[in-house]
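I have placed the structure first, in the form of structure tokens, so that the comments after it can refer back to it.
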Amino acid sequence: MSRYLKASYEKMEAYTPGEQPRDMEYIKLNTNESPFAPAPSVVEAMTAEQVELLRLYSDPTGKSLKEKLAGLYGVKPENIFLSNGSDDILNFAFMAYGQDGAVFPDITYGFYPVFGELHQVEFDEKPLNADFTVNKEDYLNQNKLIVIANPNAPTGISLDHAAIEEILKSNPDGVVVIDEAYVDFGGKSVYPLIEQYENLLVVRTFSKSRCLAGGRLGYAIAPAALIEDLEKIKYSTNPYNINRLTLLLGERTVEAEPYYQEKCREIIRVREKTAAELKALGFEVLPSDANFIFAKTSAMDGASLYSELKKRGILVRHFTKERIKDFNRITIGTESQMAQFIETVKEIIQ
Ligand SMILES: *Cc1c(COP(=O)(O)O)cnc(C)c1O
């Protein structure tokens, strides 16, 4: 660190992304990417001609992709905001709506407290219940920025819509962000509620269910006034926040909706199979609506299982936080990857 850095950034601890090692080829079950390639029509869209067009700026309004997403969800293009990965939207939300503080669970996406610190937003981390569900009562009548990942990460557990509606109703003076990064794997989106609640900001990403993590594309669905706020911040930081190629691939992705629905069904099927196999090996597995499972075994601690797996070429995600240090988060890969994972776990614990 240099002596020139602004004091408020000095103590800030940056977010640590899941490891992306380059030393060897791993079965990568650690950052919730899709094991599947994008749809063939998406892959084929990337032509030499499109690369040549990179000499031109991208469309800062993202008009065409917004229209396609609006069509898919039955909302208006004014209800859609596009971003360079959904992390950008979460960042903007803390920047824009954190003035009275923020509230989110103690065990959730690790980026929320980082954004809190970055923008000097005071935040209150509410403990999850003993069964790792979100305690709705903690979020009522706060009138602050509320951020809930639904399904939650790294647990995979969903909060029901009635609870979210109560939270929306009881916080008329605070924006409620529902981060739906994993909603396509068995959860249910709350975006239809944007018609009724002016404080609802739904955040989505192409990174998980749309097989496009490296493309960096996220979007928000929200009442038009909230979208205007986000656009204002975007135009004050990086108007061309999404590159031309990603915008193009995003459009092709929306058009290939049935392909992705099928891949999500496949992930759900393999998830249920893997969870049952882990339980048969004596693991505790939390119920998941996501493309990962959160599991622990009494046979060994979480950190050791993580490193034994890594030695054998399988990467999972381990968190050191006290309450969840016995668990590992395991991304659902292909059926054969998961079979290999189960075989390797057997070998380690026996
Ligand atoms: C992966 C993830 C995101 C963001 O991913 P992007 O790649 O930036 O779109 C947001 N929220 C949660 C809970 C996630 O797990």
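Values as computed for the structure displayed
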| read-out | value |
| --- | --- |
| Members of the range 21-49 found to be over 22 Å from Ala256 (Cα atoms) and either in contact (Cβ under 8 Å) with a residue 40 or more places away in the chain or within 17 Å of the chain's Cα centre (by Cα) (or both), listed by number | Pro21, Met24, Glu25, Tyr26, Ile27, Lys28, Leu29, Asn30, Thr31 |
| Wholly enclosed helices (runs of 4 or more DSSP H) of the range 214-280 bearing at least 3 residues over 23 Å from Val203 (Cβ atoms) | 257-280 |
| Single residue of the range 323-350 satisfying the filter (among the hydrophobic types (A, V, I, L, M, F, W, C) and surrounded by 20 or more Cβ atoms within 10 Å (Cβ to Cβ)) that is farthest from Glu277 (Cα to Cα) | Ile324 |
| Residues of the range 99-117 classified as within 15 Å of the ligand (Cβ to nearest atom), touching a residue at least 60 places away in the same chain (Cβ under 8 Å) and of a type outside the set (Val, Ile, Thr), total | 4 |
| Meets criteria (loosely packed, with under 15 Cβ neighbours inside 10 Å, modelled with pLDDT of 95 or more and touching an Asp or Glu at 6+ places or on another chain (Cβ under 7 Å)) for Leu72 | yes |
| Leading residue by the ranking (surrounded by the fewest Cβ atoms within 10 Å (Cβ to Cβ)) among those in the range 89-124 that are assigned to a loop (DSSP other than H, G, I, E, B) and out of contact with any strand residue (DSSP E or B) (no Cβ under 6 Å at 6 or more places or on another chain) | Gln120 |
| Residue under evaluation Ala225, criteria (1) within 30 Å of Ile167 (Cα to Cα); (2) within 16 Å of the ligand (Cβ to nearest atom); (3) among the small types (Gly, Ala, Ser), criterion not met | (2) |
| Among (1) within 24 Å of Thr61 (Cβ to Cβ); (2) in contact with a Lys or Arg (Cβ under 9 Å, 6 or more places away or on another chain), the one test that Asn238 misses | (2) |
| Residue within the range 47-67 that is out of contact with any Ser or Thr (no Cβ under 9 Å at 6 or more places or on another chain), surrounded by fewer than 18 Cβ atoms within 10 Å (Cβ to Cβ) and over 22 Å from Asn243 (Cα atoms) present | no |
| In the range 1-46, residue surrounded by the most Cβ atoms within 10 Å (Cβ to Cβ) [restricted to those that are assigned to a loop (DSSP other than H, G, I, E, B) and β-branched (Val, Ile, Thr)] | Thr31 |
| Complete set of residues in the range 47-88 that are among the aliphatic types (A, V, I, L, M), away from the ligand (no atom under 16 Å from the Cβ) and over 12 Å from Glu251 (Cα atoms) | Ala48, Val51, Leu53, Leu54, Leu56, Val75 |
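The values are calculated or read from the model by the stated rules, or taken from the named source; none is laboratory data. Note that the structure is predicted; figures quoted are calculated from it, not measured. Cβ: placed from backbone, ideal geometry, glycine included. Neighbour counts: every protein chain shown.
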